[in-house]
Each structure stands twice: as structure tokens, then as C-alpha cells.
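Each remark here refers to the structure printed beneath this line.
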Amino acid sequence: MAEETNMASDPLLSLIDAIYAAAADPSLWPFVARQIQSAIGGHSVNLALEDLDDSRVNLMYTTGVCQEDIELYQNEVMGKDQMTDLLNVVPECTAFTSQDFYDIKSVRSMYCYEAFYEKVGYTHFNVGLFYRDNGRRAWLSVARSEKDPLYTPEEQMLMQVLTPHLRRAFLINVQLLEAQLTSKIALDSLEHIAAAMLLLTNNGQVVQHNSRAEHYLHIDGGSTKQATIRLPDAHANSHLHTLIGAISQDETKEQNGILPFVEKGVQKTALCFPWRSSDEQFDWLGKTACCIVFILSPSADAPHEDMLHKTFDLSKAEVKVLQRLMSGMQVAEVAGYLFVSQATVRFHIRNLLRKTASRNQAEMITRVFNTASVRVE
């Protein structure tokens, strides 16, 4: 706070005000990016809000390049970019300059520079990584060319001062979207959901469920009011209740909400995600719900590659990523299994969400099961 106070001025306060305006209205993020670019100084600014579970959060805004340049970068450079690899190395909520990692000679020798950055005039970056977890990443960078001066410590400090505010604004965006999603779900729709579905409290008690979920109920004390969820696979059941506990404590950063398990020789998948409500406000269920669980059951094996390709017009690479996601893998695991970068996996997931008209991975998997003639129990 001392650093923020020392640097406090009308321009800085105006930047912070603009950032929090974007927290309530995400359409203002491009304006925020341009304001920060102007304050720090550089010929271009790049802003990326990435959420692999909710495509409504995603935003890629850049100045100084055309759509053709963006497509070239996404298709040929992104997975081999040593500059953006720094986003996986530095701590979350950190500002840094690329000049602290690479001198001009090193930059010129990079594939990403030869294939893309030299053409658009990107040589040095002042970057604020304001959020990163397994599913989300958010960052802003101001770019300078080789002809421009290097960033000063004061310019890096300005980015560092702004980074925590960018983080808070991004999280407010996410929370508002989750609240909107919650408000659209009502009890009378549960039986129309083509999956077993349960709503749970923070101690794992079932608040509400549809008929497809009845055989996953474990009754305590002979009363359905004391029912909890129990999967037939002991390992998956233990993992599920660990996840429910983590959700109740808001500690889901390292948790995977997609849990594959086997029931009577059939491969199934449980999807467990937070159901947001405050401690002070009871929702329409009459008691506070903590999380929502869907249980998907294919009638045989997962959809064949040819079926996925024809149904959703997927490339071979997209099919491979989708199949790994459906098996419960996280981004890092998919990248390791397919021997590609995490950036490449993130790129394919964004395309999968678009091609399946899905807002998040849970919706995408459900849609694939339904559309590809797979029974959802």
C-alpha cells in the first residue's frame, strides 16, 4: 500500500477508476487497455482474459495488428512463443518486463520473433499477469519496438501497482457471470435435464435432485432429508467429496471438477462445479447450496473420432483434445499426453467451445454426449 500511496496521482486514480468500471461492465476492458498503454508508453497493447470453463469471459484485445496477423499468430506461432511462456513461469499477480529475461540478441534468435514479432514491431513487453489457475488466465502487455527505449523501473512499477486492481476487476466479472448463470436455473427444469443432477450443501447434503439421480443417494437415518451423494466407485466417491469440501472453503484452484468413474463396467463422468450463494442470502431452494453435480453415462464407448469430426466439424487435433477432456484430463495433462504446449491446448479448447456452441467445458461435454447419439442417464 505504501507504494500505491507514493505513486498516487490524478492520472493513476483515473486508471484505477477505469479498471473498476470494467469490473461492472466488461465491454470497457478495451478502453482500460488503451488507457494503460497511454500511461506506460508503447505502440501496442495486448489484453487477454481466458476462461476454459466459460467462453463468455474470454476476450482477446490487441492494437497495432490486423485480423490476418492474429490468425497467423494463433495458427503458426502461439504454441512456440517463448515470450508468452513467461506467463507460466512468473508468479501470479506479478508485473515484469521481457527485457529482464531476454536481451535483444536473444530476442532476435527466437522463432516467434522471426515468424511474427519482427513484422508487427514487438520487441520488448511490460506485462501484468493478474490471474492464473488451471482454467483461467488474464494478462495485459504493452509492447515496444527495437527502436523504442527500454522500460524504466518506474514504468514497470506502474504496471505492478495496477496489476492487483486488474485482478480484482477480473474476478468481479467472473462472479457476476456465475450469479447470472445461477439465476437462470429453476427447480421445475430439473427433470428436463438429460443427466442425473444433484444440488448439495457445503457438508455434502443433497438439497435437491432429479429422478435420474435417485440411485446415487445415500440415505442417513432413514430420511431422504439427510441424503448425501455416493458414487459406486470408492476412489471417485472420495475424490468427489474432497472436491465438495474444497468448494465449500473456496479452495478449488487446484481441483479438477471432471471425475471419470466406472459403474457396472460402464465408463461414466461426474461433473462437479460451485453453485454460488452468499452466507447472508438463502437462494430459491430454501437453504444455501454449495455445488452442483451432473452425472453423465454413455451407452457404450465414447463417440468415435469420425462421428465427432462430422457432427461438429472438428479437426483431428481438436478431436484428440476433446477426447482427453472427456476422460477427465486437465490442460497440463492433455498437453503432456499429446506432446504439445499448454497454449496450443488452450487454443483448441476455445475452438471446441465455439464449434459446439458451449459456454464452458461442462456444457460442451454434455452437448457432445447428447448430439453424438450417446445416452445421458
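The values are calculated or read from the model by the stated rules, or taken from the named source; none is laboratory data. These figures come from a predicted structure and were not determined experimentally. Every residue, glycine among them, receives a Cβ derived from its backbone with ideal geometry; neighbour counts consider all protein chains shown. Only protein heavy atoms, including side chains, enter the accessible area calculation; ligands, DNA and RNA are left aside. Shrake-Rupley method; radii C 1.70, N 1.55, O 1.52, S 1.80 Å.
Here are a few things to note about the model shown:
- Residue match in segment 12-33 (condition: polar (S, T, N, Q) and outside any helix (DSSP H, G or I)): no
- Taking residues in segment 148-177 that are more than 24 Å from Gln99 (Cβ to Cβ) and of a type in the set (Gly, Ala, Ser), and partners anywhere that are part of a helix (DSSP H, G or I) and open to solvent by 50 Å² or more (accessible area, probe 1.4 Å), the pairs with Cβ atoms closer than 7 Å and at least 6 places apart or on different chains are Ala169/Tyr20.
Here is a yes/no grid of residues against (1) hydrophobic (A, V, I, L, M, F, W, C); (2) at pLDDT below 80; (3) touching a Cys at 6+ places or on another chain (Cβ under 9 Å); (4) outside any loop (DSSP other than H, G, I, E, B):
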site	(1), (2), (3), (4)
Leu259	yes, no, yes, yes
Val262	yes, no, no, yes
Cys272	yes, no, yes, yes
Glu280	no, yes, no, no
Asp283	no, yes, no, no
Gly286	no, yes, no, no
Phe294	yes, no, yes, yes
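- Close pairs (6 angstrom Cβ cut-off, 6 or more residues apart or separate chains): under 16 Å from Ile70 (Cβ atoms) in segment 24-51, assigned to a helix (DSSP H, G or I) and open to solvent by less than 60 Å² (accessible area, probe 1.4 Å) anywhere: Val45/Ala33; Val45/Gln37; Leu47/Ala33; Leu49/Val57
Quick grid of which residues meet (1) modelled with pLDDT under 95; (2) among the small types (Gly, Ala, Ser); (3) out of contact with any Cys (no Cβ under 7 Å at 6 or more places or on another chain):
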{"residue": "Cys66", "(1), (2), (3)": "yes, no, yes"}
{"residue": "Met83", "(1), (2), (3)": "yes, no, no"}
{"residue": "Cys112", "(1), (2), (3)": "yes, no, yes"}
{"residue": "Tyr117", "(1), (2), (3)": "yes, no, yes"}
{"residue": "Arg136", "(1), (2), (3)": "yes, no, yes"}
{"residue": "Ala143", "(1), (2), (3)": "no, yes, yes"}
{"residue": "Glu154", "(1), (2), (3)": "no, no, yes"}
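- Within segment 67-114, the only residue that satisfies the criterion of being of a type in the set (Gly, Ala, Ser), more than 16 Å from Leu129 (Cα to Cα) and surrounded by 14 or more Cβ atoms within 10 Å (Cβ to Cβ) is Gly79.
- Put simply, of Phe96, Phe101, Phe130, Phe125 the only residue that is touching a His at 6+ places or on another chain (Cβ under 9 Å) and not hydroxyl-bearing (Ser, Thr, Tyr) is Phe130.
- Looking only at residues in segment 120-136 that are within 19 Å of Thr163 (Cα to Cα) and of a type in the set (Phe, Trp, Tyr), the one that is nearest to the chain's Cα centre (by Cα) is Tyr131.
- Subset of segment 122-145 that is open to solvent by 10 Å² or more (accessible area, probe 1.4 Å) and polar (S, T, N, Q) - its residue that is farthest from Met110 (Cα to Cα): Asn134
- Matching residues, segment 331-345, being under 10 Å from Val321 (Cβ atoms), at pLDDT 90 or above and in a helix (DSSP H, G or I): Val334, Ala335, Tyr337, Leu338, Thr344, Val345
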